[in-house]
Amino acid sequence: MTTLQENEASIQFEGLGSGAHELFGGTQANFLINVPGRPDREIAVLVNDPTMEFLAERLGVENTQEFRDRAAEVVGRLWITRAMDRGLRVPPAITISRNLLEQNPDFVTEVEAALRATAA
């Protein structure tokens, strides 16, 4: 699992976007990234509906709004962390698609473990 160095950066979940499902067909999680010495940045991560269906099926859970909300936060945080740990630029808007997950099976494993750990 990837992790940020505590003294280097922080990722704060700011809440879910409203209207993202109707506009873009997914669930949006909003984050604030703080890197010491740099201005804070807002990042929106949209996890599209096919991705949510894929994750719910793999986990054997119902694809409810509650699941999608939790999954958007978990997936977004993990993707941002992964990008920052690899020194990649994190764009202000990110879409997580099923195709992206299929190209990153190690990330899927990480997401599944995190979602199981946070299951209500």
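Quick notes on this structure:
- Any hit, region 90-105, residues being in a helix (DSSP H, G or I), over 14 Å from residue 50 (Cα atoms) and open to solvent by 80 Å² or more (accessible area, probe 1.4 Å): yes
- Filter result for the condition that a residue is part of a strand (DSSP E or B), within 13 Å of the chain's Cα centre (by Cα) and surrounded by 14 or more Cβ atoms within 10 Å (Cβ to Cβ), over 78, 46: 46
- Candidates 66, 62, 110 - the one that is touching a residue at least 40 places away in the same chain (Cβ under 8 Å), of a type in the set (D, E, K, R) and either open to solvent by 80 Å² or more (accessible area, probe 1.4 Å) or part of a loop (DSSP other than H, G, I, E, B) (or both): 66
The values are calculated or read from the model by the stated rules, or taken from the named source; none is laboratory data. Here the structure is a predicted model, which is why all the values come from computation and not from measurement. Virtual Cβ from ideal backbone geometry, glycine too; neighbours counted across all protein chains shown. All accessible areas refer to the heavy atoms of the entire protein, side chains included, with ligands and DNA or RNA removed. Shrake-Rupley method; radii C 1.70, N 1.55, O 1.52, S 1.80 Å.
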